[in-house]
Structures are given as C-alpha cells and as structure tokens.
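I have placed the structure first, in the form of structure tokens, so that the comments after it can refer back to it.
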Amino acid sequence: MEKARTNIMVCGGTGCLASESEKVMKNLQLIAKARGYADEVEIIQTGCFGFCEQGPIVKIEPDNVFYVRVGPKDAKEIIDEHIIKGRRVERLLYKEPNEDKTINKQEDMPFYKKQLRVALRNCGLINPEDIYEYIAVGGYEALGKAISEMTREEVVEAVKDSGLRGRGGGGFPTGLKWEITKKQESDVKFMICNADEGDPGAFMDRSILEGDPHSVLEAMTIGGYVIGADKGIIYIRAEYPLAISRLRTAIEQAREAGLLGKNIFGTDFSFDIDLKFGAGAFVCGEETALINSCEGKRGEPNYKPPYPAQEGYWGHPTCVNNVETFANIPPIITRGAEWYASMGTEKSKGTKVFALAGKINNVGLVEVPMGITLREIIYDIGGGIQGGRKFKAVQTGGPSGGVLTENELDTPIDYDSLRERGSMMGSGGMIVMDETDNMVNVAKFYLEFTMDESCGRCTPCRIGTKRMFELLEKISDGKGTMADIDALKQLSYMIKGSSLCGLGQTAPNPVLSTLKHFPDEYMKLIKDVDTPTNNDHAKNKVKVNA
Amino acid sequence: MKIKSLDELRKIKEESMEKVKLRQHGQGATEHIEVLIGMATCGISSGARETLNAFMKELGDENLDNVKVIPVGCIGYCHSEPTVQVNIPGETPVLYGNVKENKVHNIIEKHIKGGEPVKNMIINVDFERA
Ligand SMILES: Cc1cc2nc3c(=O)[nH]c(=O)nc-3n(C[C@H](O)[C@H](O)[C@H](O)COP(=O)(O)O)c2cc1C
Ligand code: SF4
Ligand code: FES
Ligand code: FES
C-alpha cells in the first residue's frame, strides 16, 4: 500500500510551534509508524490556520475534522481512535464559548464562517516547504500565464481593474504603482517586498510568508516582469526566523524548478530574488527608510518626491509592495480582475487580513471581504469579548490609527470609511478593548511605542512624542491640568504637520482619537477641571498643596 | 529539473495533485461521492482496513477524483461487517454489508461509476430515522 488515505495536517505556524506543535507532529509520526500505519497516513506540517488562540491545530482530511488545543500527549488518541477506528476524539473538538456545543467541521465554525480566504488561501492547506504542493493547488500558473500569454500592459490592466490597493497601510492602487514604475526609463529596476511588519499586534505578513512563501515569490516575479526588473529583494525583519527559513527553502526550490533565475518558462525573462534582513525597527517599514536600510545605510526616511518608483534602490526605479498585496496577485491573474473586483466595496476591493488581538475570545488571523462590519468581525468571527464583558473600543491601524467605539460597530470596514472616522486600515492589526481598559493608558502605550521607534531625524517627532508621553504620564498620575490637555492637542497638530515621514505624521493619532471619543476618561484624571477658586478666574488652575 | 513551459507546469500540477487530493475541502466545495467505511473495533477485526485500502487503491488507479473515502466509527450493523455506505449527492445513501476486499471492485464499477446500486449486498436501512 503506497497510497495514503488520510492526511493529518499539523499547524506549523509560529503560534502553534510555540505551543509544542512540533512535538505533536513527531509523536503522531512515531505512533502511526509503530501501529503500522505509516504508509496510509501522511502527516504534513502546514502554515497557520488563523485560529492561533486554539492552537496547536490538527486537521484531518478527507474526514474534515478539526482538532484544537492538541498536546503531544493527544497524539496517541488521535492515531488509535481517529485513524485506526474512525472515531472522533470528542474532547479535542472545538467548543463554542458560552455554548455547550462541539463543532468538528472547519466550515461550520463561526470563526471561519464569514471568512473568505484569498491571500491566506493556502495557509493551513499545503506544506510550505514543498513546491510541488504549491504547484498542485495551482501555484505558478499565474506566472506562466502572465509571462507567456500576456503582455506587460495586459498584466497591468488586470491588476488595475481588480481594484487591488496596497495592504501595507497606505492603500495606494497597486496597478497604478506598477504602471508608474513600468513607465520609468531605465535598464535597471527593482521589485521589493516589504516584510518588515512593525505594527504592534500584527502578524499577517509573517503568517503568509510562513504558510505560503511561494505565492509571494510568484507575485514578485510577475511584478518584475511587468515593471521590467530582473531583481527582487525581500526585506524582512530578523525576528522572523521561521519565515526566513521557509523563504530560503522556497527560493531554492523555485530556482531548481527554473521558476526563478534565467529564462523563466523558456522566455527571455530572467528574475531572481534575494533576502535582506532588517533589525526590526518600525520606521524601516517606511519605504524610503527601507531602501536606505537595504543599501546598508541607516534606516531613515527620505523626503518624497522623488518617490521610489522614480529613484529608489541605488537610485534606480523601484517598486515596493507589501507581502499581503503580493499574495493577492496570483489569483487575480488566474481567476481574473472581475472576480476579484466582485468582492469588497466600491473603492476597496477584495479581502483584507486582520490580526485580531486583545480582549476577544477568538484571537487569531482572519481574512474577510472588505465592507464587512466591525460588529461581524468582533462578535461573529471573534466570538465576542472575553469573560462576557462589555466591548469598549477597537484600535485599528496600529500606532498610526485610532480607536473606534461602540457607535461605530456597524461601520463597514474599508480604507475610506475608517479614515473618515479618524482611524486607519493600516496593515490590519486590530486590538479589541473591553470596559476594564483605560483609554489614557491605551494612548500612552502607542505613544511610548512611537516615541521609542522614532528615528530621531525630525525634531518635532523626536522631541514632540517624548513631551507628549510625559504629559500623558503626568495626567495618568493624576497630576495633569486642563492646560496639559491643550498642550497635548497643540503638540499633536504640530507633530502631524511638521514631520517628515508617516511615523511622525500619524504618531499623535491614538491620543487625538482617544481624546475625542473618551474625553471623560482624561477628565476624570484632571485636577480642578473647572472649579475656579477665590477670585482667581484662571480656568485650569492647579491646586497648590501648601 | 527546470519547468520550461506552461504545459510542462500543468503536467507537473497533474502529477502533484495526488499530494493534496485528500485535502480538497472548503474552498472549491465541489460535490463529492462519499464512501464511508465503518472502522470501529468489529469492523477492523473483520477486515475493514483492507476494504478501505482496496477502495483507495482502485479509486486512485482509475483516477476517480470526485470520490472521497472516509473512515467512520460504528455504523451499527456489526453482524454484517465490514459495512460501507455510499453517498451520492442528491440520492438516498446506500448501505452495504459484508464488503470484503474482493467486493470493492463491484461496488466501484456498478454503483460509483455506473450509478446502479449492487442490489444483493445492500442492507436495508431507513435513513429517514435520523
Ligand atoms: C512608519 C511607517 C511604517 C511602515 N511599515 C510598513 C510595514 O511594516 N510593512 C509594509 O508593508 N508597509 C509599511 N509601511 C508602508 C510603506 O511605506 C509602503 O507604503 C508600503 O510598503 C507599500 O506597499 P503597498 O502599496 O503594497 O501597501 C510603513 C509606513 C510608515 C510610514
Ligand atoms: S517623522 Fe520621525 S520617524 Fe519619520 S523621519 Fe522624522 S524623526 Fe524619523
Ligand atoms: S499558528 Fe497555528 S493556527 Fe496560527
Ligand atoms: S462496531 Fe461494527 S457496526 Fe458497530
């Protein structure tokens, strides 16, 4: 018997590996072998299933059974009961929180029900270290189609028509960026993948690289063909060792198969990809800083213009795109722009991956069509707030974004409606807060982050964020006055207006946003809000403790 | 080995499908014929494992991609093990008893490929009861 009849997929994402999924897999292999089932079952390590909260995840196909929180000790029961006797191990099935119901099929779980996996299509399905599994699910067909059956113009048109916008935060139309870079007259051009992912709470890019590295390589190569580059660079932070090792394997396998390197698919197009490592600084995710860092310089942003598309890596036209942006490209080419544009809202097409974190029941990675509401994400997919507490706010867009409150739960999620409400899509970090969270502390948390991460080039950003942080500390220590609130606001507008890069330009957002939505929480901490004493009419006088 | 054309890639894709064929769930959600095999203790002791492997082998050899073989627990007819249930989308499920290895070919040929249940092996069950 050489044909496997069952596949056991064990999550090999960072989250599950941290909770011993490697051991689970080893044990499964050992026991399957000991029982004489080694040839009948194949045990595969996949990428993240998204449901990291419930990890380690083990999925069994074709039975379509989804086990959660599987420990190394459970391996024996899975083999003996499920594989040998065909009986589900009930205690490892997922149980709805607050309900006494077990669910065994992945598609029946509320967590997955409203999801639509495009960028994450292969995560948790294929073995990321096996190029043939990627090919089996349609991998590299988009590349083959693009370079042997489509002109560069046709590919650009397809990406433009799909409506895909950059997933790294800015939301710039990807097709347009490719077109601009394509139009530059230069023999040397570069395609760069931004895998810096510095947002606190975000891990979508890491999961894509760990779970489906080839999709990014394939898309970069398509992009290289379009813009006229023969070289790609993936800039990735050194703190992502698993993603780095899977990328290395993938690049090697792609080269061996002739899908990277000279004369790809027998055409005269050649393209290769190198890795460059960042030290894990938030500002290095900003594209001009990233390019400086790639060149071995300090990771500091430059003035724009010139934009990287005009003068980028070593002065050559360079297109920088985000990991998730790339992951969307292959299906756009194979399934068509129309298919992609049929998902999402009018101005935000397709899907978006969010990293759900904070006080939510189902922490994890979710991919949803644009236009879904916050309520659906938090309650239907996220399973609501931990411990049955009350929802208070959600921070989107990381340190560049702001909070959205209960009134905005029915806001459809897309680039523009988030911006209208004073927040941002950002790269997709979503941190949920409940009634016990204090908003001044939330603002302080993000400000401390940007203060630490400021590259120091601009005075308003370097010193301004520090001053803001000090003011927030003063307020949360109960020593603040109304004058401090005014100073906070003034500093905010000044820093926003006079900083060179997006880090400084958005750093005050969490403060402004929490001030706007939760002024009471600041006021509670302020002394003498509006109680002039004696003849003193000064509105915000500080009490002198004589 | 270098892949030199889209056709070559597609050929490799066909060959590689084996690897992930068992995982075609969710996304595509095409309708499959299901072959459920009772694999509880008495099933196994009367040869269900060999039956299951015979199904896997023959379906694979014939490239019948729209059929899924799923080991299940006790189906409830211990007296007629191994038991095999065939679910064709849109039709009433059919339960077979005493499906030893050598009966597999018949079921595949007549029922799965031909659409006609193999009458003499059927155990009559009222599927409405559940
Ligand atoms: C402070 C700062 C940090 C950033 N960090 C990232 C990041 O980690 N990953 C990313 O893809 N884009 C990041 N960006 C956005 C990039 O500058 C750039 O817009 C993006 O990589 C373009 O790719 P896209 O069009 O595919 O989104 C950051 C921007 C700023 C201002
Ligand atoms: S705004 Fe801040 S992070 Fe950006 S260049 Fe200026 S100092 Fe550096
Ligand atoms: S790391 Fe396993 S589900 Fe995310
Ligand atoms: S154990 Fe065989 S049918 Fe019940």
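The stretch between B:R10 and B:K119, if pulled fully straight at 0.36 nm per residue, gains 35.1 nm over its current Cα-Cα span. For the pair A:K95 and A:S245, label points projected 7 Å from Cα toward Cβ lie 3.5 nm apart.
Partner shielding of B:58-70 amounts to 2, given as the average count of beta-carbon atoms from other chains within 10 Å of each residue beta-carbon.
Per residue of B:11-18, what is the mean number of Cβ atoms on other protein chains within 10 angstrom of that residue's Cβ? Don't skip to the end; give the middle numbers.
Details: counts 0, 6, 9, 2, 3, 9, 5, 4.
Mean shielding by partner chains, rounded to a whole number: 5.
Axis angle, to the nearest 10 degrees, between helix A:21-34 and the longest C-alpha principal axis of chain A: 20 degrees. Helix A:323-335 and the longest principal axis of the C-alpha atoms of chain A enclose an angle of approximately 50°. If you bin all the Cα-Cα distances of the range A:148-304 at 10 Å, starting from zero, the percentages per bin are 10, 38, 40, 12, 0. The protection proxy used here, the mean number of other Cβ atoms lying within 10 Å of each residue, ranks peptides A:480-488, B:111-119 as follows, highest first: A:480-488, B:111-119.
In the range A:443-490, what trypsin sites (Lys or Arg not before Pro) fall in a loop by DSSP, with at most 13 other Cβ atoms inside 10 Å? Each step should come with its number before you reach the end.
Values: sites: A:K444, A:R457, A:R462, A:K466, A:R467, A:K474, A:K479, A:K489; in loops: A:R457, A:K479.
Counting only loop positions with at most 13 other Cβ atoms within 10 Å, the trypsin sites (Lys or Arg not before Pro) in the range A:443-490 are A:K479.
Rounded, prolate or oblate, given the Cα gyration tensor of the range A:1-90, with a/c below 1.5 counting as rounded? Prolate shape, in that a/c is at least 1.5 and a/b is the bigger ratio.
Please return the longest stretch of chain A lacking exposed loop sites, where GluC sites (Glu not before Pro) count only if DSSP places them in a loop and at most 14 other Cβ atoms lie within 10 Å. The longest such stretch corresponds to A:436-546. Highest GNM mean-square fluctuation among B:V99, B:V72, B:V84, for chain B modelled with Cα contacts below 10 Å: B:V72. Computed with a 1.4 Å probe over protein heavy atoms only, the accessible surface of the protein assembly as shown comes to 41 Å² per residue.
Return the subset of A:K113/A:K177; A:K479/A:K516; B:K2/B:K68; A:K160/A:K392 for which the Cα-Cα distance in this structure is over 27 Å, preserving the input order. Exceeds cut-off: A:K113/A:K177; B:K2/B:K68; A:K160/A:K392. Using a simple spin-label model with pseudo-atoms 7 Å out from Cα toward Cβ, A:D274 and A:D230 lie 1.5 nm apart.
Residue ranges A:356-365, A:164-173 sort as A:356-365, A:164-173 when ordered by packing (mean number of other C-beta atoms within 10 Å per residue, highest first). Stokes-Einstein, applied to the Kirkwood radius of the range A:116-237 over Cα pairs at a viscosity of 1.002 mPa s and 20 °C, places its translational diffusion at 140 µm² s⁻¹.
Of all trypsin sites (Lys or Arg not before Pro) in the range B:1-78, which ones are in loop regions per DSSP and have a Cβ with at most 15 other Cβ atoms within 10 Å?
Values: sites: B:K2, B:K4, B:R10, B:K11, B:K13, B:K19, B:K21, B:R23, B:R49, B:K57, B:K68; in loops: B:K2, B:K4, B:R23.
Those satisfying the criteria are B:K2, B:K4.
Find, to one decimal place in angstroms, the Kirkwood hydrodynamic radius of the protein assembly as shown, where the mean of 1/r is taken over every pair of different Cα atoms and then inverted.
Numbers: mean 1/r = 0.0366 Å⁻¹.
About 27.3 Å, per the Kirkwood formula over Cα pairs.
Charge dipole of the range A:250-317 (Cα centre as origin; +1 on each Lys and Arg Cβ, -1 on each Asp and Glu Cβ, all else neutral): 120 debye, rounded to the nearest 20.
Taking a straight Cα-Cα cut-off under 15 Å and skipping sequence neighbours fewer than 8 places away in the same chain, the aspartates and glutamates within cross-link reach of A:K95 are A:E53, A:E107, A:D108, A:D380. Computed over chain B with a Gaussian network model linking Cα atoms closer than 10 Å, the most mobile of B:N120, B:N63, B:N53 is B:N120.
Database remark: amide H of A:K276 closer than 5 angstrom to the amide H of A:I234, A:Y235, A:I236 (H placed geometrically; neighbours at sequence offset of 5 or more, or on other chains; Pro and chain starts carry no H).
The values are calculated or read from the model by the stated rules, or taken from the named source; none is laboratory data. These numbers were taken from a predicted model, which means no experiment stands behind them. Note: ideal-geometry Cβ built from the backbone for every residue, glycine included; neighbour counts use all protein chains shown. When the accessible area is computed, the model is the full protein with side chains, heavy atoms only, and any ligands, DNA or RNA have been set aside. Shrake-Rupley method; radii C 1.70, N 1.55, O 1.52, S 1.80 Å.
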